[in-house]
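Report on the structure given below.
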Amino acid sequence: MFKSLRARIDQKYRTIPFPISDPVLPERYTGRPALSPEKCDRCSECVSVCPTGAIALRKKGITIDTARCIFCAECAEICPKDAIVFSREFRMGANEKAGLIENGAERKPISALNKKMLRTFGRSLKFRVVSAGGCNACEADINVLGTIGFDLDRFGISYAASPRHADGLIVTGPISMNMKEAVLKTYEAVPEPKIVIAVGACALSGGIYAGHAETCGGVDAILPVDLYIPGCPPHPMTILNALLELLDRIPRRNG
Amino acid sequence: MNKRLTVSLKNGDFCGIREIPSFSGEELSSVISQSAGEGMRIVSFFAVPLPKDGGKLFAVLADDTHGVLYPLASAELKSYPSVTPSCPQAHLFEREIFEQSGIIPEGHPWLKPVRKLMKNDSFYHIDSDEIHEVAVGPVHAGVIEPGHFRFQCSGERVFHMEIALGYQHRGIENALSGTPGLKTIHYMETLAGDTTIGHSTAYSMIIEALRGITPYPRAEAIRAIALEMERIANHIGDLGALAGDIGYLPSKSFCGRLRGDALNMTAEICGNRFGRNLVRPGGVRYDLDRPLSEKLLAKIKDFRNDAVQAAEIMWDVPSVLERFEDTGIVSKETAARIGMVGPSARASGLKRDVRSQFPTGAYRFNHVPIVTYESGDVFARALTREMEINRSIKFIQDLLKNPPTSPLMNDKAKNIAGDSFAAAMVEGWRGEICHTAITDKNGGFARYKVTDPSFHNWFGLACCMKNGAISDFPVCNKSFSLSYCGHDL
């Protein structure tokens with residue numbers, strides 16, 4: 001008893017102050033790709049090293065589709081003009097696939113749920129998390145939000161054990177064929193209104209498993225998706241920030 | 001030693017495909033059984049299917065005492081006498097061989113699917129009014145991967161538990177034939193995402209063997225540091241989850257946070273919490289310079305103090321011990337017979353650790369003593385983890401203080417040897433990872449076989465539940481902490 005009280009004191013208070021202040025991320029963290037299309041001379045070296053075909057050369061310059069990007073940063077390493085740099089910005093994600101394509105423009109925050117949905121979910125939102133071919137990295141970084149460091153519950157968001165007690169699904173993995181039926185049944189079991197969040201490159205586009213006959217190639221191949229969170233896996237801060245943007249819980253900068 | 005094992009390999013070595021001794025189906029079966037009887041283990045056993053029908057079998061046996069691997073092969077065949085009746089550790093390998101190639105292991109007692117979904121009526125069933133059947137999964141209550149468990153119970157008591165996996169099957173082995181290509185390393189890094197360093201190191205060892213290159217000492221040291229970081233992150237996380245499963249919240253909270261700290265240390269090295277993009281064939285992509293080493297040394301010192309305390313407070317609480325001790329026992333004999341590996345095997349008293357018995361890279365110079373415990377219960381598996389955390393920390397500290405100096409990447413352009421067979425093992429945090437590759441005449445993979453430690457250990461979980469209480473299943477499951485995607489591939 002005394003030992004556990006002593007331990008409670010020694011282990012300190014560990015919950016991060018986000019969203020009041022920004023988290024400290026590792027120096028080498030590879031976050032949102034920052035593109036400088038004006039530097040690109042269309043040598044296409046980046047395209048040739050991208051394992052998921054996320055990079056496209058368009059008339060206006062290069063784009064990276066963060067639905068497919070696995071953040072290996074091979075493109076940034078090979079680019080002779082420094083047109084691609086992986087920044088330390090952890091804020092990513094979009095309500096629609098088009099919003100995931102990076103072209104050098106500033107990021108638009110995720111639009112919050114509409115007023116009616118916010119009235120229902122704004123202060124209490126429960127998710128059933130379903131892994132469907134995920135490698136356990138996205139799963140781990142979703143799980144970690146429940147630990148004291150992030151303390152997801154303080155925002156009224158938590159994970160429910162049953163889909164019948166949930167307001168939505170968080171889905172990871174490319175949806176393996178063997179999980180397709182289970183995902184659809186889990187979705188059906190969630191009462192209306194419900195939201196679906198896809199987390200990680202596999203869930204967004206199939207990732208490196210896109211095109212495999214054993215997978216469906218992403219969540220939106222079988223379910224309507226309300227929020228896409230990119231990464232391989234996304235940093236827990238990316239997931240947390242996206243959830244809070246969706247619930248309109250991030251203080252807006254510049255008014 | 002069996003005289004018919006004529007070719008031996010070191011860990012991370014290769015030989016010509018035609019040098020491997022080839023046997024008829026009957027001979028292969030008896031050589032494997034006999035060798036297992038003499039104390040050897042099956043580390044890999046698989047088929048290379050032929051386009052039409054049947055195929056060839058390949059096996060790798062390990063002699064732990066001498067640190068040697070023996071590759072074996074068979075002639076082309078469509079069936080052979082099953083090894084399983086005399087050597088239970090072969091049972092899942094033979095089911096997989098049947099599923100992937102159609103080759104029939106005749107006399108196999110339970111030839112059921114490995115990754116194809118099982119039909120509802122094909123589970124083992126006890127017919128009695130007093131038995132009730134409990135089906136769990138594939139979608140579970142926690143944030144974990146999918147798998148299905150079928151229990152035959154009388155009240156709380158479990159008579160039998162059957163594990164049905166395959167939900168995570170993404171077709172990795174199929175996708176690897178004909179490669180290496182751009183995606184190959186990323187398949188390795190996501191085979192089991194919590195074992196990124198383990199699998200990417202094993203793959204790199206295969207490519208290095210086939211290309212005849214050796215990574216530089218500094219790269220080997222960074223790989224070993226990352227592998228031990230992966231171990232401590234997962235071990236401390238599992239200790240926390242074990243505490244959570246029995247409702248002891250202090251350790252759950254502390255260990256959950258500490259797991260994040262360990263992952264963040266890996267992210268300091270390569271930018272990713274799971275060690276993505278660090279290990280590459282030939283070396284590593286990121287360096288550990290002096291300031292970073294010192295930063296990590298300071299972090300790991302804090303981590304050690306907090307981790308020791310977070311784990312130790314559990315051992316003073318009678319209600320924790322009551323749930324852990326004598327729960328889910330796997331005896332040493334059972335563990336040996338079914339071929340268990342890793343901390344779960346060591347918790348049952350088996351001395352099995354690739355780092356000591358088949359050392360490569362930095363483990364040739366810096367040793368990690370093998371941790372074993374005798375009782376084989378949940379407590380033993382938890383305590384083994386705690387002791388391994390301590391030893392891994394010591395190992396990391398030694399390497400961080402005195403890292404070898406050398407370049408990071410040995411990228412001498414050499415072709416991958418054609419018509420060859422390579423095998424590599426790494427002691428991942430769950431246990432022995434074995435990769436084997438067979439190349440075609442141009443150096444492409446004709447077959448790439450991955451054996452995740454979970455492949456050996458899932459059956460251990462089924463064994464430990466026999467006659468246990470169904471309410472102990474979550475804590476037993478977590479004490480093994482096995483991979484679904486690593487098994488399903």
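Just a few scattered comments:
- Taking the range A:40-60 as the range and being on the phi < 0 side of the Ramachandran plot, assigned to a loop (DSSP other than H, G, I, E, B) and among the charged types (D, E, K, R) as the test, the residues that pass are A:Asp41, A:Lys59, A:Lys60.
- If the condition is being surrounded by 15 or more Cβ atoms within 10 Å (Cβ to Cβ), of a type in the set (A, V, I, L, M, F, W, C) and more than 9 Å from chain B (Cβ to nearest Cβ), then the range A:34-52 contributes A:Ala34, A:Leu35, A:Cys40, A:Cys46, A:Val47.
- Considering the range B:1-33, the residues that are open to solvent by 30 Å² or more (accessible area, probe 1.4 Å) and among the β-branched types (Val, Ile, Thr) include one that is modelled with the highest pLDDT, namely B:Ile17.
- Residue ID - farthest from the chain's Cα centre (by Cα), chosen from residues in the range A:173-205 that are touching a residue at least 60 places away in the same chain (Cβ under 8 Å) and surrounded by 24 or more Cβ atoms within 10 Å (Cβ to Cβ): A:Ser205
- A residue that is open to solvent by less than 20 Å² (accessible area, probe 1.4 Å), farther than 30 Å from B:Met188 by Cβ and either of a type outside the set (A, V, I, L, M, F, W, C) or in contact with a Phe, Trp or Tyr (Cβ under 7 Å, 6 or more places away or on another chain) (or both) cannot be found anywhere in the range B:265-281.
- Matching residues in the range B:40-56 - criterion: being under 20 Å from the mean Cα position of the chain (by Cα) and either surrounded by fewer than 23 Cβ atoms within 10 Å (Cβ to Cβ) or over 10 Å from B:Ser101 (Cα atoms) (or both): B:Met40, B:Arg41, B:Ile42, B:Val43, B:Ser44, B:Phe45
- For the range B:65-77, the candidate set comprises residues that are buried (at least 18 other Cβ atoms within 10 Å of the Cβ) and not aromatic (Phe, Trp, Tyr); within that set, the residue that is nearest to the chain's Cα centre (by Cα) is B:Leu69.
- Selection of the range B:137-180 for residues being crowded, with 22+ Cβ neighbours inside 10 Å and among the charged types (D, E, K, R) yields B:Glu145, B:Arg170.
- Residues in the range A:102-140 that are open to solvent by 40 Å² or more (accessible area, probe 1.4 Å) and of a type in the set (Val, Ile, Thr): A:Thr120 only.
- Taking the range B:78-100 as the range and being small (Gly, Ala, Ser) and either in a loop (DSSP other than H, G, I, E, B) or crowded, with 20+ Cβ neighbours inside 10 Å (or both) as the test, the residues that pass are B:Ser82, B:Ser86, B:Ala90.
- At least 1 residues being out of contact with any helix residue (DSSP H, G or I) (no Cβ under 6 Å at 6 or more places or on another chain) and buried (at least 23 other Cβ atoms within 10 Å of the Cβ) is the threshold, and among the helices (runs of 4 or more DSSP H) wholly inside the range B:312-358 those reaching it are B:354-357.
- Residue pairs meeting the criteria (Cβ under 6 Å; at least 6 apart or on separate chains; first of a type in the set (Asp, Glu), in the range B:400-423; second open to solvent by 100 Å² or more (accessible area, probe 1.4 Å)): B:Asp419/B:Lys441
- Top-ranked residue of the range B:192-218 - restricted to ones that are in contact with a Leu (Cβ under 7 Å, 6 or more places away or on another chain) and surrounded by 24 or more Cβ atoms within 10 Å (Cβ to Cβ), ranked as nearest to the other protein chains (Cβ to nearest Cβ): B:His199
- Of the candidates B:Ala59, B:Ala36, the single residue that is under 19 Å from B:Glu432 (Cβ atoms), modelled with pLDDT of 95 or more, of a type in the set (A, V, I, L, M, F, W, C) and surrounded by 21 or more Cβ atoms within 10 Å (Cβ to Cβ) is B:Ala59.
- Exactly one residue out of B:Met161, B:Met188 is more than 7 Å from chain A (Cβ to nearest Cβ) and free of Cβ contacts under 8 Å to residues at least 24 places away in the same chain, and it is B:Met188.
- Only listed residue being among the hydrophobic types (A, V, I, L, M, F, W, C), more than 30 Å from A:Gln11 (Cα to Cα) and in contact with a helix residue (DSSP H, G or I) (Cβ under 6 Å, 6 or more places away or on another chain), chosen from A:Ala189, A:Ala166: A:Ala189
- Looking across the range B:407-460, just one residue is hydroxyl-bearing (Ser, Thr, Tyr) and outside any strand (DSSP E or B), and that is B:Ser454.
- Pairing residues of the range B:465-483 that are within 14 Å of B:Ala382 (Cα to Cα) with residues that are open to solvent by 10 Å² or more (accessible area, probe 1.4 Å) and aliphatic (A, V, I, L, M), at Cβ distances under 8 Å and at least 6 apart in sequence or on separate chains, gives B:Val475/B:Ile246; B:Lys478/B:Ala241; B:Ser481/B:Ala241.
- Residue check for B:Asp287: open to solvent by 10 Å² or more (accessible area, probe 1.4 Å), more than 10 Å from chain A (Cβ to nearest Cβ) and part of a loop (DSSP other than H, G, I, E, B): yes
- Check on B:Leu227, on the phi < 0 side of the Ramachandran plot, part of a helix (DSSP H, G or I), within 14 Å of another protein chain (Cβ to nearest Cβ) and touching a helix residue (DSSP H, G or I) at 6+ places or on another chain (Cβ under 9 Å): no
- Residues of the range A:56-98 classified as within 18 Å of A:Ala201 (Cα to Cα), touching a helix residue (DSSP H, G or I) at 6+ places or on another chain (Cβ under 8 Å) and open to solvent by 60 Å² or more (accessible area, probe 1.4 Å), total: 2
- Of the residues A:Arg42, A:Arg8, A:Arg58, the single one that is closer than 23 Å to B:Ala262 by Cα and more than 17 Å from the chain's Cα centre (by Cα) is A:Arg8.
- Test: B:Arg430 is touching a residue at least 12 places away in the same chain (Cβ under 8 Å), surrounded by 24 or more Cβ atoms within 10 Å (Cβ to Cβ) and among the basic types (Lys, Arg): yes
- Of all residue pairs spaced 6 or more apart or on separate chains, those with beta-carbon atoms under 6 Å, a first member in the range A:67-82 that is modelled with pLDDT under 95 and outside any loop (DSSP other than H, G, I, E, B) and a second member that is aliphatic (A, V, I, L, M) and open to solvent by 60 Å² or more (accessible area, probe 1.4 Å) are A:Ala76/A:Val85.
- Some residue of the range A:106-129 being part of a strand (DSSP E or B), over 27 Å from B:Val139 (Cβ atoms) and touching a residue at least 24 places away in the same chain (Cβ under 8 Å): no
- Annotation: of all residues in the range B:101-126 being loosely packed, with under 15 Cβ neighbours inside 10 Å and among the charged types (D, E, K, R), the one that is modelled with the highest pLDDT is B:Glu106.
- Here A:Glu27 meets the list (1) within 11 Å of chain B (Cβ to nearest Cβ); (2) buried (at least 21 other Cβ atoms within 10 Å of the Cβ) almost entirely, failing just condition (2).
The values are calculated or read from the model by the stated rules, or taken from the named source; none is laboratory data. Computed from a predicted structure; not experimentally measured. FYI the Cβ positions are ideal-geometry reconstructions off the backbone, even for glycines, and counts take in every protein chain you see. These area figures cover heavy atoms from the full protein model, side chains too; ligands, DNA and RNA do not enter into them. Shrake-Rupley method; radii C 1.70, N 1.55, O 1.52, S 1.80 Å.
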